[in-house]
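A quick write-up on the structure given underneath.
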Amino acid sequence: MFRISDRALFVGGSAVAQGARIFSGIVLARLLTKEDYGRYQMVVSLAGMVSAFGDFGVYRFLTSRQDLSLEDQLDAAGSVTLVVYSTYAVVASLSGLYCWGYYDDPQLFFVGLCNAAFFIATGLYGLQSAVLARDMRFARMAGAEALTIILTASAAIGLAAAGAGYFALAIPPLAAQTAAVFLVCRHTGVRWPRSWGGHVLKQLFNFGWRNAVFEYLNTLQWNLYFLLVGYVDAPGVVGKEQRAAAVGVLGRAVNVCSLFGFNLTLAVDKVVYPLLCNAQNDRERFASLFVRGAAIFIAVGGAGAVVLPSIGADLVIAAMGPAWLPSARLMTVLSLGLWFVGFMRLSTSAAMIEGRPLVPAAFCLLQVLLVAPAGWVYLQYGDLYYCLALAIAQASVTLMFLLYTLRRLRIPASALFSRLAPLVFVLIGSGLAMYLTRRGLLTWDAEPGRFIPAVVRLAVCGTVGLAVGILGLLSFDRPTLQELRGLVVRKRAA
């Protein structure tokens with residue numbers, strides 16, 4: 001007898017929850033102008049310049065340092081979380097105040113307050129999820145992620161119907177994250193630190209400041225992407241309002257790509273990282289898990305890399321409306337980087353487990369520095385080539401980091417790439433099938449008296465792509481099917 005594994009429940013729940021958040025936001029694009037969304041994105045991005053420091057290594061520290069007492073760890077982690085996320089909340093409020101003055105719109109201040117409250121809820125949930133991941137209780141985390149689906153969608157629909165404007169974007173994530181905290185509280189509680197953590201706090205700080213440097217540089221680059229567009233004129237983009245609209249278009253493209261490149265890979269990483277931690281003293285098993293994890297990551301990121309160029313335009317038309325079609329072409333270019341984003345997460349996890357968080361920080365610094373030449377491309381040629389430059393920079397740095405990590409782990413690069421080649425071949429074939437199917441439907445639709453809605457094209461192309469993908473895996477890459485099966489199901493205890 002078999003049942004769905006806790007890991008599959010967590011990854012699936014995270015995928016659907018994150019997808020619901022993004023999709024609800026995309027649907028709201030029909031109710032908000034590009035300028036409105038751009039202003040909201042500016043409030044978030046300005047606060048993100050500070051919140052880019054992340055959780056100061058709390059999640060990775062609690063998950064990997066199982067040699068320390070959980071009580072002592074929670075004291076130290078709770079102290080750090082309280083200070084760090086309270087600081088983020090203050091900065092978020094100030095960013096809303098600044099945007100109020102810059103755009104002469106007082107509602108943006110209250111958007112900043114919502115963002116501040118969201119940071120507090122995020123800090124609490126991060127602490128709770130670290131405790132669950134430490135004990136491999138992924139099913140509990142899956143329940144919290146699933147709850148966010150209902151709350152995010154219902155809050156977004158209710159606020160949109162009430163004409164809440166900016167708040168239809170700001171409140172749903174806050175409501176969902178707060179509900180997740182209360183749900184997980186049944187299993188972990190909300191434990192305030194009894195002390196500052198003593199010697200464990202020193203160890204956490206020693207690890208955390210280096211992890212914070214990495215997190216800051218990793219997140220800083222994305223905020224710089226938006227801030228550059230928000231403050232600099234480019235071909236066809238002149239003036240404050242047009243720049244705000246350009247930020248909105250870029251933000252929508254990044255949000256959709258993030259479903260595969262950030263949200264889904266983050267869910268996978270929260271499962272893979274504890275497994276790698278448990279195998280850190282067994283080099284052979286660690287290397288095996290690294291290669292197997294790479295296959296899962298490439299399956300997730302590669303799916304986005306073939307779906308968005310193939311049917312991204314129909315996705316935009318169906319979800320956001322024709323007015324947002326400029327986001328589709330940016331999505332197509334940005335999706336090139338989705339092939340590599342999983343490698344960055346996996347290499348980062350390996351470095352963190354080895355206690356070397358400054359190594360991924362160095363590679364992230366290189367990505368930040370490459371924003372400068374990408375910015376020159378934006379000034380000269382506009383947003384499309386800007387996104388292409390960003391995708392190329394991301395891919396180049398990630399490959400360098402991957403090769404460095406493989407050398408450290410003594411894994412032959414040829415062994416990894418030969419393992420992934422059949423999967424990449426299958427994904428490309430699936431994407432090509434979707435593209436050709438869409439082209440055929442568009443040709444048929446062009447004849448007088450015929451009309452195929454974008455939603456129908458999406459359904460048909462998605463079904464064809466999925467069928468080709470499954471047949472391809474059965475024919476050329478059975479090991480990946482076995483990996484997926486092992487992730488999804490496990491035998492019941494006798």
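Read-outs throughout are calculated quantities, based only on the coordinates presented, and are distinct from any laboratory measurement. The structure presented is a predicted model; accordingly, all values stated were derived computationally and were not measured. When we count neighbours, we look across all protein chains shown, and the Cβ atoms used for this are built from the backbone with ideal geometry, even at glycine.
What does the charge add up to near Val237, with Lys and Arg as +1, Asp and Glu as -1, over the other residues with Cβ less than 11 Å from its Cβ?
Once positives and negatives cancel, what remains is -1.
Model label sites at Asn278 and Leu325, defined 7 Å from Cα along the beta-carbon direction, differ in position by 5.1 nm. Take the Cα of His199, step 7 Å toward its Cβ, do the same at Trp444, and the gap between the two points is 7.2 nm.
Taking 0.36 nm per residue of separation and subtracting the current Cα-Cα distance, fully stretching the chain between Arg478 and Leu369 would add 35.2 nm. Under the simplified labelling scheme, the Arg410-Ile470 pair shows an inter-label distance of 4.2 nm, with each label point 7 Å from Cα along Cα→Cβ. With neighbours defined as other Cβ atoms within 10 Å of a residue's Cβ, the residues Thr443, Thr81 order from fewest to most as Thr443, Thr81. Mind running the shape call on segment 328-451? Use the C-alpha gyration tensor, a ≥ b ≥ c as the square roots of the eigenvalues: rounded below 1.5 for a/c, prolate if a/b tops b/c, oblate otherwise. Verdict is oblate for segment 328-451.
Between Leu266 and Leu82, the contour length at 0.36 nm per residue exceeds the Cα-Cα span by 63.9 nm.
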